[in-house]
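Q: Sharing a structure with you now.
Values in this text are rule-based calculations from the coordinates and carry no lab data. Here the structure is a predicted model, which means the values were calculated and not measured. All Cβ positions, even for glycine, are placed from backbone atoms using ideal geometry, and neighbour counts span all protein chains on display.
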Amino acid sequence: MKRLKKRYIFFIVSCVILAVVSSVGMVQLGRTYSLMFFGGELSPNPSGIKTTIDDESVVKVKNISKQKLAEFSPAFIEFEAVGSGETNVKIEYKGKIESEEKYSVDSLGIIRIGDNPFTARSNSFKAFFPTLIIFIAILVITLSVGFFERIRNGDFSYPLIARGGIIVYLTGNIATLLISFFLENQNDAIFGATSYWYTTMSDILNLVASGGMRFAIIMFPVAFIFAIALSISNISLIIHEGFRPVNLLGIALGMFIIFGFIGISGIVSIAPIETIESNININIIAAVNVALEYAFVYLECLLFSTIVCSFMAARYKVKPEQDYIIILGCAIRKDGTPTPILRGRIDRALEFEREQFEKTGKHAKFVPSGGQGGNEVISEAESMRRYLISQGIPEKQIIPEDKSVSTFENMKFSKNKIEEDCGDLSKVNIAFSTTNYHVFRGYTLADSLKMKVKGLSAKTKLYFFPNAFVREFIGLLFEEKLKHLIFMALIILLFVTMVIVM
């Protein structure tokens, strides 16, 4: 049986401890309930309050006190559970009935006021919010340990981006939940400590729902700057490299970020006004809007993770223990010599191989990969082979692959060539050399072929980078489209169900 990793043991043990502590806390808190009472006056007289309890074997009044809070001095009526059951509690002030509600006490001694499970009040809910925050924090820690472990090992793949996006998403939710919590309770000095913690499930769910827009607002300045930078980068790319539809990806994504935020903000401000006469329509629109906010923010988090993972992949230090170095091809010049970008890839492979030999005395074989395009005089592999020989690399150290016409085929056919040469891929270490903006793409393609590789990053112009991030982001969405669709569908279903039921 495969042993559980330490981070999973940490997660399981932490969740068990949290569940026990939270359950005990909910029971202890739920055995009393404090009701803040005004009775139509800013400073009611406690002696004028009369409570009538039909069955005092269920609950009883423990204490009636008065507190000075700014210019207010409300009375606080504290009820205490006696035994399980139900009873009606009537509160009068100066002969006038102020409230009459059903109080119930369950077998654990928890007091609940009201019948609706979403709006029933109970002090036990005071433990729910910190429990939710701590649980998310435990989940973030667990995912983060695995995330950075993969980065240290050079295990770059689309699942890594997804994991990073979820970490950012959950961390952002912790921040916005706390912000929402403190903003909603900023009047604590006025309304007393008992109002500081929410006491209904509806309060907690509303707090969660309000976090989506706050999260989007917090992220918008960074996202807006990034969107502008993407557009500027794409304009620079078009000026230097010429117009191609793919060179507009950054501008398209930048517009999506800006108008996406405007769109979800517009629903918040306009839709409820147009449907004010229909509570059902308001609820449905509110639920869909909240779901769209969270889905939009989720996509932003994935984009941020794509940028971080692509940058880390390009910065990864490959260990000098490689047996083969695949050089990913790209266009060559009309005379058959490598273009500056391709030459950069070859030079990076040469640089690494020489450093490796100096440190370990071990040579690596080069696998220049790339077929012949319709307007090319020779194959890209042959162009690279000639360049390698001109740099002093012996023929026997070069294994050309000259049939591929795409980066995927570069990896696939090079894998076959290496397998023919060594017999067993599991016994050799393989690196690949490509331009820095293209490194993560190489990792993902190798991963799809079940091939373990490490990426060597060749420098190039800065304006190539943003468009590369966008391509990887779009690639992530398509590669893991089912998982992302399921996740966002669950978000929408959760909030639609939550708002409609409430």
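Q: Anything over 18 Å Cα to Cα? Flag those among Lys415/Lys450; Lys415/Lys481; Lys5/Lys481; Lys62/Lys126, in the order listed.
A: From Lys415/Lys450; Lys415/Lys481; Lys5/Lys481; Lys62/Lys126, over 18 Å: Lys415/Lys481; Lys5/Lys481; Lys62/Lys126.
Q: Also, quick follow-up: Express the relative contact order of the range 324-472 as a whole percentage, based on alpha carbon pairs under 8 Å and six or more residues apart in sequence.
A: Computed value for the range 324-472: 27 percent relative contact order.
Q: How far, in nm, would the chain grow between Val20 and Lys459 when pulled straight, counting 0.36 nm per residue and subtracting the alpha carbon separation?
A: Computed gain between Val20 and Lys459 is 152.7 nm.
Q: So between Val13 and Ile225, what do we pick up on full extension, going 0.36 nm a residue minus the alpha carbon distance?
A: 72.2 nm
Q: Sticking with this structure for a sec: Aspartates and glutamates near Lys94 by alpha-carbon distance under 17 Å, same-chain residues fewer than 8 away left out - which ones?
A: Glu41
Q: Show me 131-139, 441-449, 323-331 ranked by packing, highest mean number of other Cβ atoms within 10 Å first.
A: Taking the mean over residues of other Cβ atoms within 10 Å, the ranking is 323-331, 441-449, 131-139.
Q: Next question. At 7 Å along Cα-to-Cβ for each site, give me the label-to-label distance between His363 and Ile239 in nm.
A: 4.7 nm
Q: Listing Thr199, Thr32 from the residue with the fewest other Cβ atoms within 10 Å to the one with the most, what is the order?
A: Starting with the residue having the fewest Cβ neighbours, the order is Thr32, Thr199.
Q: Just list whichever of Lys6/Lys319; Lys334/Lys412; Lys427/Lys454; Lys319/Lys417 have alpha carbons separated by over 18 Å in the model shown.
A: Lys6/Lys319; Lys334/Lys412; Lys319/Lys417
Q: With only alpha-carbon atoms counted, please give the Rg and Dmax of the range 1-146, in Å.
A: Both quantities, over Cα of the range 1-146: 20.5, 72 Å.
Q: Next question. Round to the nearest 0.05 the FRET efficiency obtained for Ile97 and Leu482 when R0 = 56 Å and r is the Cβ-Cβ distance.
A: E(calc), rounded to 0.05, equals 0.45.
Q: For the range 356-460, just say rounded, prolate or oblate: build the C-alpha gyration tensor, square-root its eigenvalues into a ≥ b ≥ c, call rounded for a/c under 1.5, and beyond that prolate if a/b exceeds b/c, oblate if not.
A: Cα axes put the range 356-460 in the rounded bin.
Q: Kindly put Tyr103, Tyr316, Tyr8, Tyr437 in sequence by how many other C-beta atoms sit within 10 Å of each C-beta, fewest to most.
A: So the ranking, lowest neighbour count to highest, is Tyr8, Tyr316, Tyr103, Tyr437.
Q: Using only alpha carbon pairs under 8 Å that are at least six residues apart, calculate the relative contact order of the range 1-138 and give it in whole percent.
A: It rounds to 27 percent for the range 1-138.
Q: Leu449 label point, 7 Å along Cα→Cβ, cut-off 16 Å on backbone N: hits in the range 334-377?
A: 365-372
Q: Can you tell me how the range 32-109 classifies by the Cα gyration tensor, rounded, prolate or oblate, using a/c under 1.5 as the rounded cut?
A: prolate
Q: While we're on this one: Taking other Cβ within 10 Å of each residue's Cβ, how do Met219, Met384 sort, fewest first?
A: Neighbour counts put them in this order, fewest first: Met219, Met384.
Q: While we're on this one: Output the peptides 11-22, 155-166 sorted from most to least packed, where packing is the average of other Cβ atoms within 10 Å over each peptide's residues.
A: Going from most to least packed, we get 155-166, 11-22.
Q: Something else about it: In the range 84-103, which residues have a backbone nitrogen under 15 Å from the label point lying 7 Å from Ser57's Cα in the Cα-to-Cβ direction?
A: Within reach of a label on Ser57: 84-88.
Q: Also: Quick one: 3J(HN,Hα) in Hz for the range 297-310, Karplus 6.51/-1.76/1.60 with θ = phi - 60°, rounded, Gly and Pro as x.
A: 5, 4, 5, 4, 5, 5, 5, 4, 5, 4, 4, 4, 5, 5
Q: Suppose a student asked you for the relative contact order of the range 32-109, using Cα pairs under 8 Å spaced at least 6 residues apart; what percent would you report?
A: 33 percent
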